[in-house]
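Student: Have a look at the structure that comes next, please.
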Amino acid sequence: MSATQPTPADADARSGHRSPWLWVSVVLALCCVGLLIWALSLRSDLDTTQQQVDSLQAQIDQQAQTGDVVQSSLQAAYDQIVKQLGTAKGDLNALTQDIEAAKQSIADADERARAAASDAADRTQTRVDEAEAKAESAAAKTRVAADCAKAYLTAFGKLFEGDSIRAQVATVRQDLQNIAADCQTALGGA
C-alpha cells in the first residue's frame, strides 16, 4: 500500500467543490461592481442637481436685474413728472401749509358770500361781492386741487428715497392718508 493518499484538496477538486475563498472573492467582486454602479448613479444625480441649481440661480439674478430696471424706470418717470409740475421732494410741508391757507381762504370767501347774500340793502353790490367771493372760492379750490396733486406726487416720491420701495410703503401710505383727509376737508364744499 504504497499508494499515496489523496489530499483533501485533490478530493475537493475531484468531487467538484470549490474553495470557499473563491466564493468570497466572487461575492466581493459583485459588491464592488454594485458599489461602482451606485456611485456612478449618485454622481450623475449630483451633476443634474447642480445644473438645476445653476439654472435657478441664473433666473434669480435675471429677475433681480429686471426689478432694478423697473425701479429705475419708475424713478425716472417720477423725476420727470416732478420736474414738469415744479415740485420737489421736500415740498410736502410747504404744500400742506398751502392747503391749510387755501382752506382758510375758502372759509373766508364762503363767509363773505353768506354775508353778502344776507345783506339785501344793495343788491347790485351784493351780487358783485357774491360773484367775487365765489370766484375767490373757486380759485382757492383750484389751488387746493393743484396742491393736493403735488402733495400726492411728492408723497409718492418718497417710495424712491429708501433702500427699497417696500421699506417706504408704510410712510407713504400714512402721508397719502393725511393728504387725502386734508384735501377732502378742503374740497368738501365743492
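The values are calculated or read from the model by the stated rules, or taken from the named source; none is laboratory data. Nothing here was measured: the structure is a model prediction, and the numbers come from that model. Cβ sites come from the backbone with ideal geometry, for glycine too, and all protein chains shown count toward neighbours.
Student: Kindly indicate whether any position in region 56-69 is surrounded by 11 or more Cβ atoms within 10 Å (Cβ to Cβ), modelled with pLDDT under 90 and not in a helix (DSSP H, G or I).
Tutor: For region 56-69, residues surrounded by 11 or more Cβ atoms within 10 Å (Cβ to Cβ), modelled with pLDDT under 90 and not in a helix (DSSP H, G or I): absent.
Student: Among the candidates LYS141, LYS134, LYS150, which residue alone is in contact (Cβ under 8 Å) with a residue 60 or more places away in the chain and among the basic types (Lys, Arg)?
Tutor: Only one candidate qualifies: LYS150.
Student: Could you run through region 123-175 and say how many residues are under 30 Å from ASP110 (Cβ atoms) and assigned to a loop (DSSP other than H, G, I, E, B)?
Tutor: Selection size over region 123-175: 0.
Student: Another question about this same structure. Mind listing whichever residues of region 146-167 are farther than 18 Å from ALA77 by Cα and touching a helix residue (DSSP H, G or I) at 6+ places or on another chain (Cβ under 7 Å)?
Tutor: Result: ASP147, CYS148.
Student: Quick check on my filter: what residues within region 77-95 are out of contact with any helix residue (DSSP H, G or I) (no Cβ under 9 Å at 6 or more places or on another chain) and either at pLDDT 85 or above or of a type in the set (D, E, K, R) (or both)?
Tutor: The one that is out of contact with any helix residue (DSSP H, G or I) (no Cβ under 9 Å at 6 or more places or on another chain) and either at pLDDT 85 or above or of a type in the set (D, E, K, R) (or both): LYS83.
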